[in-house]
1. Helix C:358-384: angle to the longest alpha-carbon principal axis of chain C, degrees 0 to 90, nearest 10?
2. From the helices alone, meaning DSSP H stretches of at least four residues, give me the mean residue ellipticity at 222 nm for the protein assembly as shown, per-run term -39500 (n - 2.57), in deg cm²/dmol to the nearest 500.
3. Set the Förster radius R0 to 56 Å, insert the Cβ-Cβ distance between C:Lys314 and B:Leu118 as r into 1/(1 + (r/R0)^6), and round the FRET efficiency to 0.05.
4. Ignoring ligands, DNA and RNA, how much accessible area is buried between chains A and C, both sides summed, with a 1.4 Å probe, to the nearest 100 Å²?
5. Compute the accessible area per residue over region C:241-387, keeping the other protein chains in place, probe 1.4 Å, unit Å².
6. Let me confirm one metric for peptide A:251-263, namely the mean number of other chain beta-carbon atoms within 10 Å of its residues' beta-carbons.
7. What total accessible surface area, summed over both chains, is buried at the interface between chains B and C, computed with a 1.4 Å probe and given in Å² to the nearest 100?
8. Mind checking the angle between helix C:72-84 and chain C's longest principal axis? C-alpha axes, 0 to 90 degrees, to the nearest 10.
Amino acid sequence: MSQKSDDKEKLEGDHSGRRDFLKFGFLAAGLTVVGGGLQKVFSDNKDSAKVESGNKVKVLTTDGKLVEVDSSHLKAHECCGASPTDSREGIPGKKYVMVIDLSRCKNALKCQKACQKHHLLPEQDKWLKVFKMQDSPEASPYWMPKPCLHCDKPPCVKVCPVDATFKRSDGLVLIDNERCIGCRFCMAACPYSTRTFNWEEPQQPANILEMSYSPETSVPRKKGTVEKCDFCPDMLKQGNLPHCVSACPNGVYYFGDANEDTVCNGDETVRFKQLLRDKAGYRYMEGLGTEPSVYYLPAANRLFPFEDAEEVKEK
Amino acid sequence: MKKLFKYLYIKRLIPVFIIYLVSLFSINIYAQNDSTSSKLQASMNLSYKITNGIKSVKVEVTRKVDGKFIPVENLIVNLYLTEIKKYDPIVGDGWMGNLVTNEDGLATFKFTDNFNKLMSKVHVFNFIATTNEDLRYEDMQEEITVNEALINFTFNTEDAVTTVVAKLTKFQDGAEVASPETEMKMLIKRTFGMLPFGEDGLTTDENGEVSAEIPADLPGNANKTITVVARYDDEENNGIIEISKDIPWKILPKVNPLTRRTLWSRGNNAPIPLVIVTVSLIILIWGTICYLVYLLFKIKRLGKTKK
Amino acid sequence: MEDLITPKSEKEAIEMLNRYNEDLLPRKFGIAGKLWVTVLCIVIAIGLYNYIQQLRFGLKVTGLNDTVSWGIYISNFVFFVAVSLVGSLITAVLNLLNVNWRAPLTRISEVIAVSAIMFAGLIIIVDMGRPDRILNMFLHGRIQSPIVWDVIVVMTYMTISLLLLYFSLLPNIAFCRDRLPNIPKWQRKMYSVLSFGWENKPEQYEIIKRAVKILSVLIIPVALSIHTVTSWLFATTYRPGWDSTNFGAYFVAGAFMVGAAAVIAGMSILRKFYVHYDEYLTDKHFDRMGRLLVLLSFIYLYFTVNEYFIPGYKMKGDEAEHLRELFTGHYAPMFWSVQIFGMFIPIIVLLFKKGRKPLPIFIMAVFVIIGAWFKRYLIVIPTMLHPFLPLQQIPEASKHYAPTLAEWSITGASLAGALLVITLFVRYFPVISIWEIAEERGIHSDTIYEHLNEKV
Ligand code: SF4
């Protein structure tokens, strides 16, 4: 905490005149030393202990209710969001891919809950949907989770008039919501109904609003712009799996780097190409030629019998 | 009117009084039953690990809520090692230090060089972790005993096939002996996890050795290496022993979807034919428009000259 | 036309010229005109109020949602673009073909074109989620995006049709400047600025004629591309119903048809409210325009059959659902009314000579225009409701689309705005080009140049 306020002091110093700057500089240096020392003292005893800041903020829960929590509990997107310009470069050497094993999905929706929570999404905006699919009348239905497919030939990026949505070298398709003009052409162009639009001013906690915007965290969210699943670049930068992958209790999602030929579902780490070969992996609507980064493994030999959760809910 | 008020007033007072009485009783009941019940129950778990020769002890504290384990954070844990009694004369027998759990309920103690020196003769460790008079949780104590074990690596490349041989030894009565018939894992470190290689269920032979081939078609890391890991995992007796090494490796060509001028590239990377066609059309048409505007001004100029 | 009386002497010619001037000068509005302008202004004011609400609260005030993210703003945009195509049709095509009855029609059609394309540009800004960032279009424009192409062609077309209108208007503005009696100062000032130094010199006429010829050629490809590119906004996506190679031609054909109808409607209204206009907009003109409309309707019919019959024959999986909804489902009443009232009935009526009389043809033109508006609605909305993936896990409201009152009023305001522009033009400028009429009726150019701006 003290570190942060020091930075602020320094910043203010930069803006004032030269003499003021020096004065502030000394002050800030002093504060930093003291602050740093204090921090050390504290960290010896309470390593990463969280101190309640006493700052209550309003947060939207996944079921759309506003609750008050202490701001120190909000650790989402603490770090890692690059500026809109910097986030146009991908993470060097990576090409992220996802494999979704349909035979293991039982519509537990843990992935969706984690996604809604970490991206501070309201009930009606779902970046990750689980569809109930049935390929033909005789075939049994199955659950199909669908994030953004992060196509290698993305139709949405093709049509964007202002370069607001872009493809990165690591395969991610992101949106710069400080540039988006809200024409919604990308929504019309996406064949997978992936994108959502901020039809009104989004409700967000105060501390999120204060942060500077980054396409890598997609917060703070902005009125009149489009949004979608971003594969959690803030997590990827830290070497962590996206939230949906780690939240799934059944290991449905494999995520990894195609350049490493390895994907991981949290428990198991396997060769990417071999997995596709062994389990007859495919991409949704390959015929469109969009070349998604998300692959599916067919819903054969299911882990769970198909249960219609919606009907169950109604009973 | 007044009467009615009074009536209501009394009517309201009665339940308040009853609640008061009940609450008096109930507090008494609890107080009699169990005076310490205000503290919560938590459970502690200890594990021991050697990674590339660096020893560490990990403490995990969790609490069960509605059938789920949730981490206990910000809890101070004292760690003891009974074998080195003289280590800290002030605090007491074998006290190694204290740890504070983080938000995942975890705390790790890493052995320093100093510690390693003190224990160079010891091959059986008995760790004890305790908590002492925490305000929220009841006191806990947990203990593990581990035998030291070691892994050694050798690499050998023949006909472009690299084989890794790992040898597992354990200490028995102070002597290092090979450990046969033990299951081990060979892994390669990747961004999000450890990729196993070799046959399923690799088991050491009579010399305590396992060997596995690294798949030749596996792409390497960006710095032209791969990190090979051998792991032996027996939490009960030996803890987790892990050894890793970076070896030179080839990289496969990277996929970069952005290298070409395409319809989905940035604006400044548009396909050349598209740029040529649009720009020439614009120049052609707007050039003509400029000419027309020029004509317009010519009309104006003509208007100024006298007839 | 055959029955035109060519003047026999110069004196007669000057007399004719003077009569044209008398008849075609812009005039103050009567009660009906004033009422009309008031109504339009009220509609615009309501729309503006709602647009301010939309700016404040976001596009939430519309019926749009994540499924139907393009609604009547976009279909209205397509409608405007379609109507604006008429300027090129009448002026350029008839001009190049040297049709000898076009003079009274050109300016009406050009005015309709200019106002329609202006409001096409405005309504697209209304549809944007962040109109405050419109400059990004120029700062970060991506030449790969059909929207950028559309912005370029819309601006180009607007410029060209303005020029086309302006060049032939110059002598008439000067004429208003010199000849209109009893007008307020500002009005005279406006004429004098706009007349751009016009002095009725033969050289100036020469330049106008050259410019109009260049523009007539230039406007054809631009006009075709404006509507083709607009169709590409849809055809470049994968959605069933839009993923069609027929779309460009289909849109252009539809645009020609509604454009011709718009001119007919404009002609009828002018003729009704201005005395003497029937001498210039004769029954013959209506007859010719009626024939033209039938021809264009047949072309449109041809493309419509292509657009629906072939996919309907195959009934491809994803397309089938969309088509069924149109043919027999939720949108069937609208779909069939549009086809019947917007195409078949006008074709049948206009095939008969009696049907091409001013009143019936006016009614048919109105049918075609309304039909065309709803046709655009049918192009945009039902497709949005049939994405490839099922409509699941979305709020109930996102499974339908019903434009809100605010949306209707903003759309209505744009239509009213376009009409107001046309109305004001008619109020302040001669909507039938006097000198072109005179030329068409065989008055010698020298006579026109010399006597057009003479005081009466
Ligand atoms: S809505 Fe935004 S991201 Fe999408 S195409 Fe338009 S400007 Fe680009």
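The values are calculated or read from the model by the stated rules, or taken from the named source; none is laboratory data. What you see is a predicted model; the values in this text were computed from it and never measured. Cβ sites come from the backbone with ideal geometry, for glycine too, and all protein chains shown count toward neighbours. Please note that ligands, DNA and RNA were not included when accessible areas were found on the heavy atoms of the full protein model with its side chains. Shrake-Rupley method; radii C 1.70, N 1.55, O 1.52, S 1.80 Å.
1. 30 degrees
2. On the way: 30 runs with 472 residues, N = 1078.
One gets -14500 deg cm²/dmol as the mean residue ellipticity at 222 nm.
3. It comes to 0.10.
4. Details: alone 17300 and 21510 Å², together 35130 Å².
Answer for the A-C pair: about 3700 Å² buried.
5. Working: 6330 Å² over 147 residues.
Averaged over the residues of region C:241-387, the accessible area is 43 Å².
6. On the way: counts 0, 0, 0, 2, 3, 5, 6, 4, 11, 14, 7, 10, 5.
Neighbouring Cβ atoms belonging to other protein chains average 5 per residue here.
7. 2400 Å²
8. 30 degrees
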